[in-house]
């Protein structure tokens, strides 16, 4: 595998299966290698400009930067699309090809606390990570700027070598993925954007899909997500104090914190995880035999102990075995508490009756649930129980997406990995979420997916990283990841031949 | 009343009833007036050194400062008493008198956030407060350094004028009142402290008991308080992640936040306020007819709308009338949530499954509940329901105290107020708490109370204040409050005559 990965760049005989399908592969690989430092510098520059929707940070700047990244990579037109929130970016690259491929980018990143990081989260420092190699450490490194930059580097390679792309591209980028894409439907509904997407064979988001053994994955869908807050307090009813008051007053004044607890308690069963919102589970599709088989294949090549260790847990829900737990992981919708905040939150105690209590919650949805459905059901559930003093603020969300493994779009991904002899599993679904439903659902009904090799970790956590030069011969660095995108573009181009 | 209050200082004819009982009153009042700036400066200096037990701030310094304050005021001996927590201070002043009075001081203050204050909380600035006069604004101003400094100023007046105190004094001070006095029993159990207290006729804490109409109050007891935290997470069970992880994992990993909600939910009834811990209400004594009568007297002279406004609420629990609500206020024990903290607590949402969830709670206890009883019942309640993964951390607490209104100790307070023509109500109980049970309960069984005139507000809140020079002729400033303590010392001295 080391020879193979080296060969991606060096163009040795071992790349013959790829080279046969990717015209000029050796030349392109040389360009990618020669542009390595430029690519890394471009990624560092991008990491230095974090767009964080929750904090309204670098909103216009982030969109404009995304627009310029697209133009630099060879898109002939790119424009900022206003949406009422953080703007989107729409770009097209017309190569005069018969096939058009859709690309989805998120240019925003998750919040971060520099105090929790071992290197400054906006510097994108290159550091050695034992067992992994040289990695770039910074917010957005793997989620999702690193893989996206690897894709842009593929386009730069075409541009620098004067080669025409084998496919046309439509890029739609958003800056609110991390707050559950509240305005992305508006961006995609833009008449020009919708018309351009309609011509695509499918839409994918560049991803770094390899685990530490080099195993890659093709995911056939993702859960949907809805983020919302429940708020109780002086702002929702005059039963509660407007501010924190001395706690002795709870003997005569209602507590927003208790009210929140009582409302929350109705949302999940006493087991602490099964959703209990009226009708919430009605449209949950059970896994098919094939989906369970795909999960079993993945389980067979995954070290359960490593997964538990990386998550810091000793057991799964119900102490289930790995297969059962993995089926649960991909098949079950969730009602999760992201955070609780009320009254005094410092060290020890403080004798106050809080004036406000807030729970930050999130649904994860599976087929055939929809965002609108669960929002309506949540509100009806609370109303039925008289929680009219509990304010529901939905900050964003979207439904699940699912693509058939036999679709030509997915088959092309499989062919590229097969040809590169990269082991991979098909996953029926990603337990995480991305707003693929905007492409996958009506009216576009396009295949969607996350695709790519390379590796990283720490999304949403401190010390997020993405492999630049891999020490593990089975894992791709950024240049190898770039070359696989090149191969993929040629493979997608073949879809027009049928 | 203006004439009266001025006369406290000026010694006019109107103070005749007081002067007749307080030898040398006019001279003492002159000394108090001449020491006014010194007293205020001493209060400001004390405010500048906040002891905050929850933050372990100024622990040794605060105790030593308290010791020096006592010595400066004329106590012949004062020593720091180690307790395992923030130390206490024990001081005695032997005047060779037949009667000994016990004094309780708290020298600690509540936490504060300077950003919430209109003037720096440690500067004790003198500011004009419309309708009140000149007030000192700072953390601890009214709770409890201001009233305590007024008492010390009375001792300074004796010392400065070369007069002997009419009573002996035993002072016991603690620095952990704001965390529910976890180690105060240890301090009081010190053999020297216990022996000294045993000789007292009762123990009181100086207080600023006047409302804005000048109405004072004698309280015959106080609720007890127990502060504790419920903690669930990776630190309590390997079912939960050790740190926050990506929220998609809730589909296969239990949530400490939900577990906390489920545990909390069992602690109060669905009405959001009635304690539901097994056996919690067993020893709750109903109010007597006399206690209800006392409440009615207070209700009759209190503007309900003002109280609601100051608390920022539109209605009491159950939309009850003021009498019913006031009876509830003083008679009902509570299970209060002081704070909730779990996972992401910033703006909007963040897709994490928290690794930890904590509820900060507090009981308020009424006779005949005890601290040990409720702690035992809470733990049994949780254990019975299988919440063995919910850690209970009791950070402090004590039971309620209650003193008979016919005790000579209370009668002396009434006589002083009567003689000064200050209107007052007898309150059967303070809904707040102070550890009077340490004196009031076995083995000392002493009368206890909070006593004093003067006025302030904002305890436990930003912009805490205490009146220095009152613009309201019916309300005492610090010097008038001091003089009432002088009168009280002479009245207490008479208890030895019987």
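Only the coordinates and a few stated rules stand behind these numbers; no lab work does. None of the values given here were measured: they were computed from a predicted structure. FYI the Cβ positions are ideal-geometry reconstructions off the backbone, even for glycines, and counts take in every protein chain you see.
Label sites at residue A:60 and residue B:192, each approximated as a point 7 angstrom past Cα along Cα to Cβ, lie 7.1 nm apart.
Each residue, residue B:45 and residue A:310, gets one label point 7 Å from its Cα in the Cβ direction; the gap between the two is 6.2 nm.
With label points defined 7 Å past Cα in the direction of Cβ, position residue B:131 shows copy-to-copy spacings of 6.7 nm, given to one decimal and shortest first. A Förster distance of 22 Å, applied to the separation of the beta-carbon atoms of residue B:494 and residue B:405, puts the FRET efficiency at 0.75.
Pull up the DSSP beta bridges for chain A and report the antiparallel fraction as a percent, rounded to 5. Restricted to chain A, the bridges split so that about 70 percent are antiparallel.
Rounded to the nearest 0.05, what FRET efficiency do residue B:238 and residue A:442 have when you use their Cβ-Cβ distance and R0 = 60 Å? Before the final figure, lay out the partial values.
Working: r = 44 Å, r/R0 = 0.73.
Here the calculated transfer efficiency is 0.85.
Using only the Cα atoms, work out Rg/Rh for the protein assembly as shown, with Rh taken as the Kirkwood radius, to two decimals.
With Rg and the Kirkwood Rh in hand, the quotient comes to 1.11.
Quote the FRET efficiency, to the nearest 0.05, computed for residue B:163 versus residue B:421 with a Förster distance R0 of 41 Å and r equal to the Cβ-Cβ distance. Working from the Cβ atoms, E equals 0.95.
Annotation: the antiparallel percentage among DSSP beta bridges lying fully within the protein assembly as shown is about 75. Checking the a/c ratio against 1.5 first, then a/b against b/c, what shape does the Cα gyration tensor give for region B:180-245? It is oblate, given that a/c is not under 1.5 and a/b is not larger than b/c.
Any number yet on Rg/Rh for chain B, C-alpha, Kirkwood?
Details: Rg = 23.7 Å, Rh = 23.9 Å.
Rg divided by Rh gives 0.99.
When both region B:391-409 and region B:119-190 are represented by their alpha-carbon centers, they are found 21 Å apart. Quick check: the angle from helix A:25-34's long axis to the longest principal axis of chain A, C-alpha only, nearest 10 degrees? On a 0 to 90 degree scale, this one is about 60. In region B:84-239, Cα pairs under 8 Å separated by at least six residues give a relative contact order of 36 percent. Label-point spacing for residue A:418 across the identical copies (point 7 Å from Cα in the Cβ direction), in nm and ascending order: 10.4. With its label point put 7 Å out from Cα toward Cβ, residue A:385 sits 1.4 nm from the same residue's point in the other copies, in order from shortest.
Against the main long axis of the alpha-carbon atoms of chain B, helix B:59-72 sits at an angle near 10°.
As a check on your grasp of the helix formula, calculate [θ] at 222 nm for chain B: sum -39500 (n - 2.57) over DSSP H runs of n ≥ 4, divide by the residue count, round to the nearest 500. Estimated from H runs of four or more residues: -10000 deg cm²/dmol.
Only counting other Cβ atoms within 10 Å, I'd like A:281, A:149, A:106 sorted with the fewest neighbours first.
Values: A:281 14, A:149 28, A:106 23.
Arranged by neighbour count, lowest to highest, A:281, A:149, A:106 become A:281, A:106, A:149.
This ranking places B:46, A:258 by how few other beta-carbon atoms lie within 10 Å of each, fewest first, which gives B:46, A:258. Site pair residue A:319 and residue A:118 shows an inter-label distance of 3.5 nm when each label is modelled 7 Å from Cα along Cα→Cβ.
On alpha carbon coordinates alone, what is the Rg over Rh value for region A:181-340, Rh being the Kirkwood radius?
Working: Rg = 22.1 Å, Rh = 20.6 Å.
We get a ratio of 1.07 for region A:181-340.
Which semi-axis lengths, in whole Å and largest first, follow from the square roots of five times the eigenvalues of the Cα gyration tensor of region A:285-331?
Working: eigenvalues 78, 31, 10 Å².
Largest first, region A:285-331 gives 20, 12, 7 Å.
Once both axes come from the Cα atoms, what is the angle between helix A:478-493 and the longest principal axis of chain A, in degrees from 0 to 90, rounded to 10? Orientation of helix A:478-493: about 80 degrees from the principal axis. Placing a label point 7 Å from the Cα of residue A:368 along the Cα-to-Cβ line, the residues of region A:276-302 whose backbone N sits under 13 Å from it are A:282-286. Each of A:385, A:429, B:419, B:364 was scored by other Cβ atoms within 10 Å of its Cβ. Listed from fewest to most, they are A:385, B:419, A:429, B:364. Please work out whether region B:390-474 counts as rounded, prolate or oblate from its C-alpha gyration tensor, where a ≥ b ≥ c are the square roots of the eigenvalues and a/c under 1.5 means rounded, while otherwise a/b larger than b/c means prolate and anything else oblate? Since a/c reaches 1.5 but b/c is at least a/b, the shape of region B:390-474 is classed as oblate.
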